[in-house]
Structures are given as C-alpha cells and as structure tokens.
Amino acid sequence: MTEININNFKQKFPDIKKNIEAAKFIGIDLEFSALNPFTNYTPSLFDNPKERYIKLRKNVENTIPVQIGLTAFKFDADRNSFEGSAYTFYVKPGLFSHINRYFLFETSAIEFLALHNFDFNKFFYTGIPYISKIQEEGLLRKLKNDDVYETNMNFCSNMQPILDKVLKEANEWYEEAKIGEILPLNDLTNRYVRDIEFKFFFHKYIRRNFGDVMVHLNEEQLLTLKKVATQEIAQMNGYNDLNEEILDSLLGFTKVYKLLVSLKKPIIAHNALMDILILITNFEGNLPSRYEDFKKLTMELFPIVFDTKHIYYEMRSKIPENKQPSNSDLKTLFHYFRDGVGRHIAMLSPGIEVEGDKVAIGKFHDAGWDSFCAGYIFIRLAYLEIHGKHPLGKVFMPTEYLRGMFQYKNCLNVIRASINYVNLNGADPACKRPPLYVIEACGSRKLDYMELTTALSAFGSIEVKPISWRNNKALVAVDNYSSAKAMIREFKKSERFKVHQYSSMRHSPVVRAAIWGSVTLSGITLLLLMRIVTNR
C-alpha cells in the first residue's frame, strides 16, 4: 500500500506506470463526494435500465472522486502467487485560468467518509490535480494561441497586491544588482510550489517587467529572482511561457487515467457502475445523454470490466447454502475468502499478497485497500469457477482466470432496480425481480400509507407508489422472491388490505383510459354507421 499525493506523485509516477504496464489486471475503487444528491433522481426498485442511467447521470454530474484506489496485480507462476501493488491517490479538480468547476458535497457522504477516518486535509491541501479531456483540449488551444491573461486568473483581485509588492521590491533590488545576484522571496515559496496558476502568471509578470531576470527555486527549494545575462534567457527554451510544465502539472492524475485507457487492461471493481460513471464524468467530460451511447463509450475506454458483486450473485448457487457468506459487501466477501469458509471451498488456490506500506492494510473504505480487496475476491471467485474442470493442483495462468470468467465480463451490478445488472456489451437481461403487486384498501376506505409502509417494513426492501386517484390502491415493488412470498402470505390474512399481482390491463390508468377511449370511439363509429344505413 502506497499513499500518493501532490508531494510524491511526480517521484512515484515512473514506478506506478511500470507496475500498471506489467499488471495482468487492475483493481479499482473510488471514494466520492456525493451519492444521490438530488431527491428527484433517487434510485428506485421501479427503475428500468434507461431510467436508472438518467438518474445516475444527473447524480454524478457534479460529483467528484476524492480518493482513487488502484492495485496492479502481477503473477509469479513459480510461486503460484499474485502480488498487488496498491496505491491510494488523493485527488481534486485542477484550478487554472478558464478552469474552475464546482462540485457537490453531500452531507451523508461527508459523514460516511468521516466515520471511516477519511483525511479531508490531505484531499484539500495535497490532492493531486486532474482535468478532463474537454478541459485539456480547451486549455491547450488557449495556451497555443497565447490567449491566457492575468485578467482571466482566479482570485485576480487577491493576487494583484502581491504582484505589486514583489515588483516594488524587485525594482529596488534590480537597480543595484549585478549579473548572478539573487533576490530571495521566501514568503512566496509555498504558494509558488503549490499553486500552478500563481506560478504561471508570476513568471509572465516578471518576464514582462524584467527582460533579464529569471525565476527559480534555489538549492534549498526557496523562491528567488536571479539577474542573468540576456543570452542566457534566450537559451532557455520555453522559459517564457511554461506551457508544457503547466499542462503537465494540471494533468496530474489524468496521466494515470490515460494510461489505463491506453493499455486496456481488465478492470476489476466491486459494485463498479458508480465508479465507471464518475471516472468518465471527471476525466472525459459530460456523460452521453443516451444510455446506448454510454455503453458504447464505456466499451471504447474500458473494454473488459468485471464486477465482483455481480459475479458473486451469479456464482452463489455453486456454494452450499450453509457455507455462504452472510452478506455480499466487499468487507464480508474479503474476510470470507481470506479467513473464513470460502478460503477452504476451493483448495490449492493461489497466494495473494499486497506490497508496500503495511499501515493502511485492512483499512476498509481506503480506496487503495478496497481496490486490492476487489482483485482478491475476483481471483478467489475465478478459481472457484474453473478449478473443478481441471486436474487437482494445476497452476492456472492469469489468462485462464480471465477466460474462465468470460460469461461475467462487462456485467455491472445494479442496486435496487427492475434488473439485477446492466450488460455493457449488448442487451440487458430480463427482469429477475418478483412481479409488481397491487395493494388495495378493503371496503371503500382510502389507503393509510403510514400504516401500509409500517406493515410492509417487516418484509425487507419494498417500495410503494400510489396508482389510484381515489387513493385506495398502491403499486408495490419487492426486492426478492422470499420477501414477496412472505408479504402475500401475511396480507392474505389481513382484514384491512387486499393484495393482487399487478396487471397493466386491470391496474394501469393509462392502459385502462386507452381501452375505454377505444371502446368509446368504436361505439361512436358504430352509431354513425347505423344512422347512415337507416337514412338510406
């Protein structure tokens, strides 16, 4: 486990790149600023895939990642062991002229992060900047056209007094300074090092006012002005504008994202849909408005994605019922396969180790650790899937694990919807949820929704939606068949409620109105024909 922030990103990037390039697959995980910030777009059991995508697209529109975890899994055939190089990146949106986005922090998300000891100071003070593809293209165009001015600078009014003060000091020093002499600006060092925009405009300001003065950091990494010979300035290629350095600094974590996209390594995540949506929103730009275009774009960027939550649901029946884990969340599955019954279901499965700093190991909701856990669960599930088809003790290569899980590729789990998962490769699956039910108040009374929801709460995850203008009927969606059976069994005894399976012909106001409209129109047509015949 290695923590990466703005202070060590440049130094660590070559190793990160090397490990990603050598990896057989990549585990990912994101911690983010909001989950469902808009109440009008709250996910529902009634959602079909397109409806859910519209809701998620709106919810992630201004949601940012605050921490990104990546684990590069390599394989040692001699030891039959996987090793994960795990990284936790603190990231935040880059700030520069013409780039100043806003984002949402949801109170519940803040509380969740705080509950799991997320370090907000690291996010705000040492987060690695990133910009999207659209932002990069726009800024590159402006830099090439020299269309970036101090007047476009963020906090311009705050910066001007600082620049004026430096100019006054520099003018006094410059009059007496000889070639090679320096003027320390120690009080600006911290801002110069950390603020990309300040660095860019400070250079431009000094170069515009002093043709033979160079801005640099001395051996102690303190900011100085140095008077130099004119020819020395001329020899410094690109010194005057710093375009490449500024763009490189702003890209920050975007360089890691671009590496993942270019290499097309298989991506492993647990409950991957939100992670993918947030990555695309923040590093490409706005998500497509059409659901089908989202699928197409995702496959262009990440052609192989495995969602361990979906895989576990699909493979659960292969595990004896009395040996199944109590839950399907990341933490439960990881401990199940590492320390629990799951470790012994498929004997002789490969070793799986994590390298790096041991401090963050075992800290769930640290994105780096969670990305390792997702990969760990994938390997155990893959071994469980393929080992029985081969001789006992066979050492499987990573390609065999991936090939054995082909049927689960690009299927991402969906929480609380009309379907269990979306298929990025093609048509989504048929609904496996229980059918919808209609609950009706007995007699002529109206439904008491408080009473109804209290009664339904005993049956797990259930949602209620009124469907009658008289307020005597409600549509009910149930998460699973066992809950549905229990609900029907209990409500058949009730003297206050009646329950039926939903039928659009019987219960949909729209369909019923259309049918009655057709009947009325047919009646009128028949009456007119009869009058015509009679008149003849």
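The values are calculated or read from the model by the stated rules, or taken from the named source; none is laboratory data. This structure is a prediction, so every number in the text was calculated from the model and none was measured. Ideal geometry is used to build each Cβ from the backbone, glycine not excepted, and the neighbour counts take in all protein chains shown. To get the accessible areas, we keep the full protein, side chains included, count just its heavy atoms, and leave off ligands, DNA and RNA. Shrake-Rupley method; radii C 1.70, N 1.55, O 1.52, S 1.80 Å.
A few comments on the model shown:
- Members of segment 397-430 found to be part of a loop (DSSP other than H, G, I, E, B) and either closer than 15 Å to residue 269 by Cβ or among the acidic types (Asp, Glu) (or both), listed by number: 405, 409, 410, 414, 415, 424, 428
- Residue ID - least open to solvent (accessible area, probe 1.4 Å), chosen from residues in segment 318-348 that are assigned to a loop (DSSP other than H, G, I, E, B), in contact with a helix residue (DSSP H, G or I) (Cβ under 9 Å, 6 or more places away or on another chain) and farther than 14 Å from residue 384 by Cβ: 328
- Residue that is modelled with the lowest pLDDT [pool: residues in segment 33-73 that are assigned to a helix (DSSP H, G or I) and among the polar types (S, T, N, Q)]: 39
- Considering residues of segment 405-419 that are within 12 Å of residue 52 (Cα to Cα) and open to solvent by 40 Å² or more (accessible area, probe 1.4 Å) only, the residue modelled with the lowest pLDDT: 416
- Meets criteria (open to solvent by 70 Å² or more (accessible area, probe 1.4 Å), under 30 Å from residue 198 (Cα atoms), within 20 Å of the chain's Cα centre (by Cα) and not hydroxyl-bearing (Ser, Thr, Tyr)) for residue 134: yes
Per-residue answers, yes or no, for (1) of a type in the set (Ser, Thr, Tyr); (2) open to solvent by 50 Å² or more (accessible area, probe 1.4 Å):
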{"residue": "354", "(1), (2)": "no, no"}
{"residue": "359", "(1), (2)": "no, yes"}
{"residue": "373", "(1), (2)": "no, no"}
{"residue": "383", "(1), (2)": "yes, no"}
{"residue": "389", "(1), (2)": "no, yes"}
{"residue": "427", "(1), (2)": "no, yes"}
{"residue": "443", "(1), (2)": "no, yes"}
{"residue": "453", "(1), (2)": "yes, yes"}
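- Every condition in (1) of a type outside the set (A, V, I, L, M); (2) in contact with a Leu (Cβ under 9 Å, 6 or more places away or on another chain); (3) farther than 24 Å from residue 33 by Cα; (4) open to solvent by less than 60 Å² (accessible area, probe 1.4 Å) is met by residue 180 except one, and the failing one is (2).
- 1 or more residues open to solvent by 40 Å² or more (accessible area, probe 1.4 Å) and under 21 Å from residue 402 (Cα atoms): qualifying helices (runs of 4 or more DSSP H) within segment 248-311: 254-263, 291-301
- Against the conditions (1) out of contact with any helix residue (DSSP H, G or I) (no Cβ under 6 Å at 6 or more places or on another chain); (2) crowded, with 20+ Cβ neighbours inside 10 Å, residue 78 satisfies every one except (2).
- Residue match in segment 74-93 (condition: under 30 Å from residue 147 (Cα atoms) and in a loop (DSSP other than H, G, I, E, B)): no
- Scanning segment 432-467 for residues that are assigned to a loop (DSSP other than H, G, I, E, B) and over 16 Å from residue 482 (Cβ atoms) yields 436, 442, 443, 444, 445, 446, 447, 448, 467.
- Selection from segment 137-174 of residues that are open to solvent by 90 Å² or more (accessible area, probe 1.4 Å) and either small (Gly, Ala, Ser) or more than 19 Å from residue 195 (Cβ to Cβ) (or both): 137, 141, 144, 145, 146, 157, 168, 172
- Residue identified as touching a residue at least 60 places away in the same chain (Cβ under 8 Å) and more than 18 Å from residue 280 (Cβ to Cβ) among 49, 65, 43: 43
- The requirement of being of a type outside the set (Asp, Glu) and either touching a His at 6+ places or on another chain (Cβ under 7 Å) or exposed (fewer than 12 other Cβ atoms within 10 Å of the Cβ) (or both) is not satisfied by residue 113.
- Qualifying residue in segment 279-287 (condition: in contact (Cβ under 8 Å) with a residue 60 or more places away in the chain, of a type in the set (Ser, Thr, Tyr) and touching an Asp or Glu at 6+ places or on another chain (Cβ under 9 Å)): yes
- Checked against the criteria, residue 100 does not count as of a type in the set (S, T, N, Q), farther than 28 Å from residue 2 by Cα and open to solvent by less than 10 Å² (accessible area, probe 1.4 Å).
- Reported count of residues in segment 200-217, each being part of a helix (DSSP H, G or I), in contact with a strand residue (DSSP E or B) (Cβ under 9 Å, 6 or more places away or on another chain) and charged (D, E, K, R), is 1.
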